[in-house]
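Novice: The following block contains the structure, expressed as structure tokens.
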Amino acid sequence: MNSLDAISRSLQGYDPQALRMDDANAFIARMVAPVQGTQTLPLRQCAGRVLAADVISGMAVPAHDNSAMDGFAFSGTLLAVAAQLQLRVAGTALAGKAWTGTLQPGECLKVMTGAILPAGLDTVVPHEMTTVQGDLVQIPADRLRPGDNRRLRGEDLQLGGVALSKGELLAPAALGLAASLGLKELPVVRRLKVAYMSTGDEVQSPGEALREGAVFDSNRYTVTSLLERLGCEVVELGVVPDEPVALEAAFRSAAAQADVIISSGGVSVGEADFTKGMMARLGDVAFWRIAMRPGRPFALGRIGSTVLFGLPGNPVAVMVTFLSLVRPALLQMMGATPKPLPLLQAHSQEVMRKKAGRTEYQRGIVSTGADGRLQVRTTGNQGSGVLSSMVQANGLIVLGHEQGNVAVGDAVSVMMFDGVM
């Protein structure tokens with residue numbers, strides 16, 4: 001386990017007071033490691049879990065050449081004979097049952113979607129392209145090619161091939177693929193256990209009578225929901241006041257029972273509370289000022305073997321730092337194969353002021369313009385405490401470190417919320 005100091009010395013240009021986003025993510029990636037421990041679960045319980053071992057296909061999928069649609073099967077060699085074919089229908093093949101008859105020259109077989117194609121029949125004409133008169137079918141040969149509308153044996157999965165790879169985050173399609181192989185259960189990595197606490201004397205839980213100058217704890221609900229959507233097991237520690245005994249007890253309790261601790265509040269430079277001091281006293285912790293907006297103050301480290309993320313207190317900054325810094329680290333700890341969130345390109349509908357030298361995340365609303373291109377506008381006020389803007393937005397406009405002002409019509413990158421937030 002590398003110390004934070006050792007990691008910082010290995011990164012060229014590391015500056016904790018003005019840290020670039022790419023350097024921050026590189027640092028975190030070197031600090032965290034996948035958790036140990038697996039379990040085997042029924043398929044219905046595997047959604048959102050991380051696959052712990054490769055799944056090897058024990059069969060070819062599909063198991064036989066079969067028809068991709070309802071129609072008539074025949075030998076593709078006949079297509080070279082004439083522009084129009086007339087064949088006699090020798091029988092009907094249904095899905096799930098092999099046809100046992102014998103075809104004579106000049107005959108075809110009526111087939112349903114999924115029906116096994118007998119040897120020698122490699123082409124299927126859709127029913128709607130034909131004219132049927134009694135047991136004769138007219139086929140437009142000039143509109144077909146040999147092999148049309150045929151699914152080949154093993155074209156989806158080959159026997160002995162890797163069907164699903166270790167580290168796969170199991171989505172519905174992956175579970176369907178496992179089921180298509182006849183599997184009832186899968187080995188998955190154990191759930192990552194994450195403890196969350198909000199800190200600060202000014203923070204109150206919803207339902208309490210609000211004191212003058214206090215705020216309700218929104219961060220607990222956004223962060224724990226993000227964690228649950230990611231598939232983590234959440235330990236909620238509620239609101240911890242700025243009081244040394246309470247803070248120490250909360251951090252020690254969290255470290256004893258979780259793989260990760262996430263806190264919000266108390267990491268800004270010059271804070272008058274005790275959170276930063278307690279983090280530093282109990283563990284190996286670095287306090288960063290990241291070249292980003294919102295979310296500049298950030299704490300990272302360990303208490304024992306438990307990883308610690310100290311997020312800022314402003315609600316939007318909490319969500320932005322979670323998505324851009326914490327979420328990739330948690331996926332790495334879950335054993336998932338790294339897959340950065342895709343960035344869409346959209347054309348700005350407005351001027352955006354931006355200082356080069358930091359990465360900015362602006363709340364955006366993406367839509368399709370009259371010309372069919374994606375377009376994006378901001379939600380307006382980009383203050384880090386304007387939580388309603390995160391509800392209005394469907395993505396974050398990501399303005400890169402070196403990027404300057406944005407003009408109307410300029411292409412910008414957008415991190416979409418769908419499936420994440």
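Novice: Where in the stretch 354-407 are there strands (runs of 3 or more DSSP E), lying fully within it, with 2 or more residues that are charged (D, E, K, R) and at pLDDT 95 or above? Spell out how you get there, then give the answer.
Specialist: Details: elements: 359-368, 374-378, 395-399.
Passing ranges, in order: 359-368.
Novice: Pairs, please: C-beta under 6 Å, at least 6 apart or cross-chain, first residue without any contact (Cβ under 8 Å) to a residue 24 or more places away in the chain and in the stretch 82-99, second among the basic types (Lys, Arg) and surrounded by 13 or more Cβ atoms within 10 Å (Cβ to Cβ)?
Specialist: From the stretch 82-99, the pairs are THR92/LYS110.
Novice: Kindly indicate the residue of the stretch 226-278 that is surrounded by fewer than 19 Cβ atoms within 10 Å (Cβ to Cβ), aliphatic (A, V, I, L, M) and over 16 Å from VAL194 (Cα atoms) and also modelled with the highest pLDDT among those meeting that condition.
Specialist: ALA249
Novice: While we're on this one: Residues PRO140, PRO172: which one is at pLDDT 95 or above, over 30 Å from LEU51 (Cβ atoms) and of a type outside the set (D, E, K, R)?
Specialist: Working: PRO172 fails: over 30 Å from LEU51 (Cβ atoms).
The conditions single out PRO140.
Novice: With the condition kept exactly as written, say whether any residue in the stretch 288-304 is part of a helix (DSSP H, G or I) and surrounded by 24 or more Cβ atoms within 10 Å (Cβ to Cβ).
Specialist: Initially, the stretch 288-304 is screened for residues part of a helix (DSSP H, G or I), giving none.
Checking the stretch 288-304: not a single residue is part of a helix (DSSP H, G or I) and surrounded by 24 or more Cβ atoms within 10 Å (Cβ to Cβ).
Novice: Ok, one more. Whether any residue in the stretch 321-336 is in a loop (DSSP other than H, G, I, E, B) and modelled with pLDDT under 95 is what I want to check. Spell out how you get there, then give the answer.
Specialist: So the first thing to find is which residues in the stretch 321-336 are in a loop (DSSP other than H, G, I, E, B), and the list is 334-336.
Going one step further and asking which of them are modelled with pLDDT under 95, we end up with none.
No, that holds for no residue.
Novice: All but one of (1) within 21 Å of LEU136 (Cβ to Cβ); (2) outside any strand (DSSP E or B); (3) touching a strand residue (DSSP E or B) at 6+ places or on another chain (Cβ under 7 Å) hold for PHE72; state the number of the condition that does not hold.
Specialist: With (1) within 21 Å of LEU136 (Cβ to Cβ); (2) outside any strand (DSSP E or B); (3) touching a strand residue (DSSP E or B) at 6+ places or on another chain (Cβ under 7 Å) applied to PHE72, the lone miss is (2).
Novice: Within the stretch 131-169, track down each residue that is hydroxyl-bearing (Ser, Thr, Tyr) and either surrounded by 17 or more Cβ atoms within 10 Å (Cβ to Cβ) or without any contact (Cβ under 8 Å) to a residue 12 or more places away in the chain (or both).
Specialist: Step one: list which residues in the stretch 131-169 are hydroxyl-bearing (Ser, Thr, Tyr), which gives 131, 165.
The one that is hydroxyl-bearing (Ser, Thr, Tyr) and either surrounded by 17 or more Cβ atoms within 10 Å (Cβ to Cβ) or without any contact (Cβ under 8 Å) to a residue 12 or more places away in the chain (or both): THR131.
Let's see how each residue does on (1) assigned by TED's automatic domain parsing to the domain that holds GLU402; (2) over 30 Å from THR321 (Cα atoms); (3) within 22 Å of the chain's Cα centre (by Cα):
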site: LEU19; (1), (2), (3): no, no, no
site: LEU43; (1), (2), (3): no, yes, yes
site: ALA53; (1), (2), (3): no, yes, yes
site: GLN84; (1), (2), (3): no, yes, no
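Novice: Still on this model: Might you check whether a residue that is at pLDDT 95 or above, assigned to a loop (DSSP other than H, G, I, E, B) and charged (D, E, K, R) occurs anywhere in the stretch 106-116?
Specialist: No, because not a single residue in the stretch 106-116 is at pLDDT 95 or above, assigned to a loop (DSSP other than H, G, I, E, B) and charged (D, E, K, R).
Novice: Same structure, new question: With the requirement that a residue be farther than 30 Å from THR130 by Cα, surrounded by fewer than 19 Cβ atoms within 10 Å (Cβ to Cβ) and hydrophobic (A, V, I, L, M, F, W, C), what does the stretch 53-75 give you?
Specialist: Across the stretch 53-75, the qualifying residues are ALA53, ILE56, MET59, ALA60.
Novice: Same structure, new question: Name every residue in the stretch 350-373 that is buried (at least 16 other Cβ atoms within 10 Å of the Cβ) and farther than 16 Å from HIS401 by Cβ, in order of residue number. Step through it out loud before you land on a result.
Specialist: The initial filter retains those residues of the stretch 350-373 that are buried (at least 16 other Cβ atoms within 10 Å of the Cβ), namely 352, 354, 358-366.
Matches in the stretch 350-373: ARG363, GLY364, ILE365, VAL366.
Novice: Could you tell me which numbered condition THR368 fails, if it satisfies all but one of (1) touching a residue at least 12 places away in the same chain (Cβ under 8 Å); (2) more than 21 Å from the chain's Cα centre (by Cα); (3) farther than 27 Å from GLY310 by Cβ?
Specialist: Result: THR368 fails condition (1) only.
Novice: Right, next: Kindly indicate the residue of the stretch 1-52 that is basic (Lys, Arg) and part of a loop (DSSP other than H, G, I, E, B) and also surrounded by the fewest Cβ atoms within 10 Å (Cβ to Cβ) among those meeting that condition.
Specialist: ARG20
Novice: Oh, and also: Evaluate the stretch 72-93: report whether one residue or more is within 30 Å of ARG190 (Cα to Cα) and touching a helix residue (DSSP H, G or I) at 6+ places or on another chain (Cβ under 9 Å). Even if it seems obvious, please write down each step before you answer.
Specialist: Residues of the stretch 72-93 within 30 Å of ARG190 (Cα to Cα): none.
Taking every residue of the stretch 72-93 in turn, none turns out to be within 30 Å of ARG190 (Cα to Cα) and touching a helix residue (DSSP H, G or I) at 6+ places or on another chain (Cβ under 9 Å).
The values are calculated or read from the model by the stated rules, or taken from the named source; none is laboratory data. The shown structure was predicted, so the numbers you read here are calculated from the model rather than taken from an experiment. Virtual Cβ from ideal backbone geometry, glycine too; neighbours counted across all protein chains shown.
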